[in-house]
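Presented below is the structure to which this report refers.
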Amino acid sequence: MTLTTVLKRIYGFTRPYRSRLALALLSSMVASLLWLTVPLGLRELLDAVFEVGDRSLLNTIALVLLGIFVLQAAFGFAGSYILEWIGERMVTDLRMSLYKQLHRLGLKFFSEQRLGEITSRLTNDVGSVRSAATSSLSEALTQTISLVGSLGLMVALNWRLSAVIFITVPFVTIATRYFGEKIKKLSRTVQDRLADTTSIAEESLSAVREVKSFARETFETDRYNTSAETLFQTARQRALLSNIFWSSIGFSFLLLMVMIFWFGGTEVLAGRLTTGDLVAFIFYAFNIARSVGGMSRLYTTFNTAAGASERIFELLDSVPEINDQPDAVPMPSINGQVSLNNVNFSYDDKRPILSDISLQVSPGELIAVVGASGAGKTTLLNLIPRFYDVNSGSITIDGIDIRTVTQQSLRAQIGLVPQEIHLFGSSILENIRYGKLDATKEEVIEAAKAANAHEFISDYPESYEAQIGERGVKLSGGQRQRIAIARAILKNPAILLLDEATSALDSESEAVVQEALERLMQNRTSFVIAHRLSTIRSASRIVVLESGRIVEVGNHEQLLLQNGVYARLHSMQEFAT
């Protein structure tokens with residue numbers, strides 16, 4: 001993606017603010033044009049003193065210059081402020097678009113990306129774009145006007161002396177193109193290294209309990225330091241290249257200034273320039289040097305932003321693997337009849353995970369899904385709310401193919417209590433209310449009571465307002481599960497998907513959680529990945545998976561009598577009593 005293409009996409013976010021942008025650019029343009037008149041005023045001021053000796057003219061010119069300075073400052077302020085506002089607004093819009101896009105992407109995307117990498121794009125990369133999208137736009141405009149205006153006025157003052165300026169044009173052009181591409185590539189690499197470093201920190205800090213239990217603090221610190229050092233070395237290379245570029249441009253203009261002083265002096269001595277003309281010319285030369293130096297830095301800034309923007313636009317251009325069909329309709333109120341018809345699924349189109357799955361489930365049935373690790377149990381449950389789409393076959397709910405309805409309306413009627421409970425780092429009240437955002441506190445309390453959570457919540461001095469820490473670290477495993485169950489009860493779904501995780505709990509906690517689960521499953525179609533024999537025995541039917549296929553279906557006693565896969569799993573004590 002070329003720099004021009006990237007910048008077009010970046011500034012495409014300014015379209016909603018075109019009127020403000022036009023006003024800002026006009027103000028900046030007027031301020032720059034006013035500044036270009038200052039050397040001419042100085043020329044007249046000097047000529048009035050040295051050539052004419054007119055004190056009255058001197059006073060008049062000084063007052064005019066003062067007025068120009070006041071106007072230039074006012075227009076400069078207005079242009080810069082409005083452009084800064086537009087830039088910050090644009091970056092905010094970009095950040096919101098990126099975050100919305102992340103929520104459009106499916107589970108497959110997140111299973112293939114590191115969380116730190118995603119976070120880096122949302123924070124660091126957008127932050128890099130900000131520098132190109134705020135003050136840089138204003139500076140680019142003012143520097144361009146200053147450069148072009150100064151060149152034009154210099155030619156008008158003395159074309160012979162102006163010709164000296166153009167000696168540097170080929171050098172500046174070649175250097176800009178050469179260094180610009182290299183800086184852009186290094187900037188992209190810096191953003192990648194920064195994402196790697198962020199990912200390491202994210203992973204390590206989120207698993208701090210494991211780090212400490214294995215006494216791996218030094219290992220994790222060394223791992224982070226190594227990545228940070230790699231980031232530093234890449235950033236150092238970029239800084240070195242950028243400063244070589246800036247210094248080369250600056251040095252070339254210092255040499256140019258020497259030539260202007262010498263040649264300009266000869267022009268004054270020859271009578272082709274006045275003293276005021278030479279001073280004005282030198283001011284314009286300084287303007288050009290400042291503008292070219294500023295634009296060189298801007299070019300580096302834009303290339304840095306382009307490297308970060310490429311990573312952002314890669315995300316924005318990512319196509320969600322799960323999409324609503326153009327004619328998708330909202331899912332009607334679900335009764336709970338679920339049919340899986342010859343379902344086949346694989347994550348990579350190579351190794352099949354589920355093969356020829358057919359199952360008819362009546363409303364209110366409790367289906368226990370069992371099988372050895374890797375049999376496809378979790379995958380089967382993930383297909384029902386369309387976290388993934390089947391490769392072939394179909395899944396219908398109440399006779400409606402789930403691919404023909406909107407994802408949001410489908411998932412709004414399906415409850416999920418996963419094995420790994422995720423709670424937000426806020427209050428207990430807010431975590432339970434996540435199941436129904438407009439729920440009253442009384443409804444939250446009723447859900448907590450049904451989940452056997454009200455008692456331990458009431459033990460906190462803050463009660464439901466108690467903060468539970470990142471990922472609910474202040475709660476025990478059983479307490480986290482009961483919060484998740486309360487959240488599901490509040491949602492009141494027609495279909496429940498439960499990855500039962502009571503095996504890691506102590507007997508007392510398990511009994512309380514199991515009671516809450518049984519209350520949750522009443523009068524709902526439920527699919528349970530079962531690890532407990534008590535759950536399996538209470539199931540309407542047990543579905544046994546092996547290598548992605550349904551090999552047995554029946555209740556506990558029927559399957560034991562078949563003396564097949566289920567009986568073998570039972571005899572190997574795959575199920576806890």
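The values are calculated or read from the model by the stated rules, or taken from the named source; none is laboratory data. Only a predicted model underlies this, so the values are computations on that prediction, with no experimental measurement involved. Every residue, glycine as well, gets a Cβ built from its backbone with ideal geometry; the counts of neighbours run over all protein chains shown.
When the residues of region 93-118 are narrowed to those that are in contact with a helix residue (DSSP H, G or I) (Cβ under 6 Å, 6 or more places away or on another chain) and at pLDDT below 80, which ends up nearest to Asn287 (Cα to Cα)?
For region 93-118, the residue satisfying everything is Glu117.
Just checking, which of Tyr388, Tyr347 is modelled with pLDDT under 90, under 34 Å from the mean Cα position of the chain (by Cα) and either of a type in the set (Lys, Arg) or buried (at least 16 other Cβ atoms within 10 Å of the Cβ) (or both)? Outline the logic, then answer.
Values: Tyr347 fails: either of a type in the set (Lys, Arg) or buried (at least 16 other Cβ atoms within 10 Å of the Cβ) (or both).
Just a single option satisfies the conditions, and that option is Tyr388.
One residue is enough: does region 321-340 have a residue meeting the conditions of a type in the set (Val, Ile, Thr), outside any loop (DSSP other than H, G, I, E, B) and closer than 20 Å to Arg411 by Cβ?
yes
Residues in region 27-42 that are within 20 Å of Thr60 (Cβ to Cβ) and touching a Phe, Trp or Tyr at 6+ places or on another chain (Cβ under 6 Å): how many?
Total satisfying the criteria: 1.
Out of region 350-373, which residues are surrounded by 13 or more Cβ atoms within 10 Å (Cβ to Cβ), within 36 Å of the chain's Cα centre (by Cα) and not in a strand (DSSP E or B)?
The answer is Pro352, Ile353.
Taking the stated definitions as given, is Gly76 farther than 29 Å from Gly127 by Cβ and out of contact with any Gly (no Cβ under 9 Å at 6 or more places or on another chain)?
no
Considering only residues that are modelled with pLDDT of 75 or more and surrounded by fewer than 18 Cβ atoms within 10 Å (Cβ to Cβ), which ones fall in region 10-24?
Of everything in region 10-24, those that are modelled with pLDDT of 75 or more and surrounded by fewer than 18 Cβ atoms within 10 Å (Cβ to Cβ) turn out to be Gly12, Arg15, Pro16, Arg18, Ser19, Arg20, Ala22, Leu23.
Are there helices (runs of 4 or more DSSP H) fully within region 412-458 with at least 3 residues that are more than 34 Å from the chain's Cα centre (by Cα), surrounded by fewer than 22 Cβ atoms within 10 Å (Cβ to Cβ) and not small (Gly, Ala, Ser)? List them. Can you show your working first?
On the way: elements: 428-433, 441-450, 454-458.
So the answer is 441-450, 454-458.
Looking at Ile357 and the list (1) in contact (Cβ under 8 Å) with a residue 40 or more places away in the chain; (2) closer than 30 Å to Ile10 by Cβ, which single condition is not satisfied?
Looking at each condition in turn, Ile357 falls short on (2).
Just to verify a result, which residue in region 374-410, among those that are polar (S, T, N, Q) and assigned to a helix (DSSP H, G or I), is nearest to Ile542 (Cα to Cα)?
We begin by selecting, within region 374-410, every residue polar (S, T, N, Q); these are 378-379, 382, 391-392, 394, 396, 404, 406-409.
Next, only the ones that are assigned to a helix (DSSP H, G or I) stay: 378-379, 382, 404, 407-409.
Numbers: Thr378: 15, Thr379: 17, Asn382: 18, Thr404: 29, Gln407: 28, Gln408: 29, Ser409: 29 Å.
The qualifying residue nearest to Ile542 (Cα to Cα) is Thr378.
Could you please find all residues in region 407-435 being of a type in the set (D, E, K, R) and over 23 Å from Val512 (Cβ atoms)? Before you say what the answer is, go through the steps one by one.
Step one: filter region 407-435 for residues of a type in the set (D, E, K, R), giving 411, 420, 430, 433.
Once the filter is applied, which keeps residues that are of a type in the set (D, E, K, R) and over 23 Å from Val512 (Cβ atoms), region 407-435 yields only Arg411.
Ser291 is checked against (1) under 30 Å from Asp398 (Cβ atoms); (2) of a type in the set (Ser, Thr, Tyr); (3) over 30 Å from the mean Cα position of the chain (by Cα) and fails just one. What number does that condition carry?
Ser291 satisfies every listed condition except (1).
More than 27 Å from Val528 (Cβ to Cβ) and either at pLDDT below 85 or of a type in the set (D, E, K, R) (or both): does that describe Glu430? Write out each step before concluding.
Values: more than 27 Å from Val528 (Cβ to Cβ): yes; either at pLDDT below 85 or of a type in the set (D, E, K, R) (or both): yes.
Here the answer is yes, as Glu430 does meet what is asked.
Scan region 155-166 residue by residue and report those that are closer than 17 Å to Ser252 by Cβ and modelled with pLDDT of 75 or more.
none
Looking for whichever is in a helix (DSSP H, G or I) and either at pLDDT below 70 or more than 24 Å from the chain's Cα centre (by Cα) (or both) here; the options are Ala285, Ala235, Ala308. Which one fits? Quick ask: steps written out before the conclusion?
On the way: Ala235 fails: either at pLDDT below 70 or more than 24 Å from the chain's Cα centre (by Cα) (or both); Ala308 fails: either at pLDDT below 70 or more than 24 Å from the chain's Cα centre (by Cα) (or both).
Testing whether each residue is in a helix (DSSP H, G or I) and either at pLDDT below 70 or more than 24 Å from the chain's Cα centre (by Cα) (or both) leaves just Ala285.
Here is a list of conditions, (1) without any contact (Cβ under 8 Å) to a residue 12 or more places away in the chain; (2) outside any helix (DSSP H, G or I); (3) touching a helix residue (DSSP H, G or I) at 6+ places or on another chain (Cβ under 8 Å); (4) hydrophobic (A, V, I, L, M, F, W, C), and Val268 meets all of them except one; can you say which number that is?
Every listed condition holds for Val268 apart from (2).
Kindly provide the set of residues from region 532-577 that are modelled with pLDDT under 85 and more than 48 Å from the chain's Cα centre (by Cα), ordered by number.
Ser571
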